[in-house]
Amino acid sequence: MSHLAELGWMSMSDGVALRTRTWQRNADVPARGCVLIVHGIGEHGERYAHVADQLNRWGFDVVAFDHFGHGESPGKRGTLTTPTRLLDDLAEVVDHVHASMLEGQPLILLGHSMGGALAARFVAERIRPADGLVLSSPAIASGMKAWQRMMASALAKIAPGFTIANGLPSDAISHDPNEVAAYRADPLVHDRVSGRLAQFVDASGAPVLDAAPAWQVQTLLMFAGSDRLVDAQGSRRFARIAPKEMVVAQEFPRHFHELFNELDRAPVFDTLKRWLDQRFPA
C-alpha cells in the first residue's frame, strides 16, 4: 500500500492551477532521480499511487499532475482552452519539477495512453529536455476512424467546448474485475472528450513517428498486445523504426490497456525496474 501523496497546486502562466501529487522516497533510500507521471484521458494522477510506491522503493521521487479538465484540476471535463494546452502545461510542469530537483539528478517522464502520446510528442518536438521516457500503452495510433476524425474536426471548429462520451470500453482497461469496478466507481474519472482534445490525441502520433528514426532519449516502450482502447500498431511501428540502442520495446501480448493495473502486472514492474537499473543505476 502506497503512502499518501503530498497534495499541492501548480500555477500555470495563464493563472490556472493544476492539482499535483508528490510521493517522496524514504530518507534512507539513495536518490536516483524523479519520475513525472503523465496520465491518460479521463483519469487522474492518484490512480498511479501504487506505481509511485514501487518507484519510491527503488529510489525515485515521483510527481503526478492532473491535466486541465481532468481529476481535481479546473476546466470543463475533457476540454482544452487552446489546441496545444496539454503540451504547454507539461512544459511548465517540467520547469517546476526541474527547479525542485537535486542538481544532477535525472528527470524521467512516464506517460500512459494519451499521456504516453503527449510525453512522446513532447520529447519528439524537444520542447524541454528529459533524461528518460517510459511509455505505457501510448496512443501513438489512436485508433480513430475516418468519420470520428471528421466529427472531431467539425466540433473543434464550431464548438470547441462541446463534449461527448469518448466511447472507450471501461471493461477493457484490465482483466482484473476489481480494477474495472474501481475505475467505474471513481468520482474523478470521466468519459468526456471534446473535438479539440480528440484532434490533439489523434495528431500526436505523427510527430513521434517522424522523429523516431533519429530518437535521442533513452526510452522504455511497454504496450498491450490485446489493447482495445488504442491501436497497438502505433507502438509496433515506433519500436520498429526507432534506434534499438535508444528504445527498448516490450509487448505484453495478452495484457489489456492498463499494464500497471493488470492481473499479471509483475512482469510489467519487473521490466520497468530492469530498464531503470540499466539506464539510471543507483
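Below are the figures for this structure:
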| item | result |
| --- | --- |
| Segment 58-133 versus segment 230-282: alpha-carbon centroid distance in Å | 19 |
| ³J(HN,Hα) computed for each position of segment 58-70 - Karplus, 6.51 cos²θ - 1.76 cosθ + 1.60, integer Hz, glycine/proline x | 8, x, 10, 6, 9, 10, 10, 9, 8, 4, 3, x, 9 |
| Simple Cβ-charge dipole of segment 6-279, Lys/Arg +1 and Asp/Glu -1, about Cα centre, in debye nearest 20 | 720 |
| Overall form of segment 202-282 per C-alpha gyration tensor (a/c, 1.5; a/b vs b/c) | oblate |
| Long-range tail of P(r) for segment 22-65 (Cα pairs > 14 Å, %) | 41 |
| Cβ-Cβ FRET estimate between Arg274 and Ala185, R0 fixed at 22 Å, reported to 0.05 | 0.05 |
| Residues of type lysines that Lys273 reaches as a straight line, Cα spacing below 23 Å, ignoring anything fewer than 8 places off in the same chain | Lys244 |
| Loop-resident sites, segment 60-155, for trypsin sites (Lys or Arg not before Pro), counting at most 11 other Cβ within 10 Å (DSSP) | Arg126, Lys145 |
| Cleavage-rule hits (trypsin sites (Lys or Arg not before Pro)) in segment 197-252: DSSP loop, at most 12 neighbouring Cβ within 10 angstrom | Lys244 |
| Reach of Lys76 by Cα under 17 Å, taken over aspartates and glutamates that are not fewer than 8 positions away in the same chain | Asp14, Glu43, Asp66, Asp89, Asp191 |
| Positive-end extreme of charge dipole, the chain - chosen from Cys34, Val201, Ser73 (charges on Cβ) | Val201 |
| Within the chain, percent of DSSP bridges classed antiparallel, to nearest 5 | 30 |
| Shape call, segment 158-252: gyration tensor on alpha carbons, a/c limit 1.5 | oblate |
| Cα gyration tensor shape for segment 6-279, rounded if a/c is under 1.5, else prolate or oblate | rounded |
| Charge dipole of the chain about the Cα centre (unit charges at C-beta), most positive-ward option of Gln105, Phe238, Phe280 | Phe238 |
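Throughout, read-outs are computed from the coordinates displayed, never taken from laboratory work. All of these numbers come straight from a predicted model, not from anything done at the bench. Every residue, glycine as well, gets a Cβ built from its backbone with ideal geometry; the counts of neighbours run over all protein chains shown.
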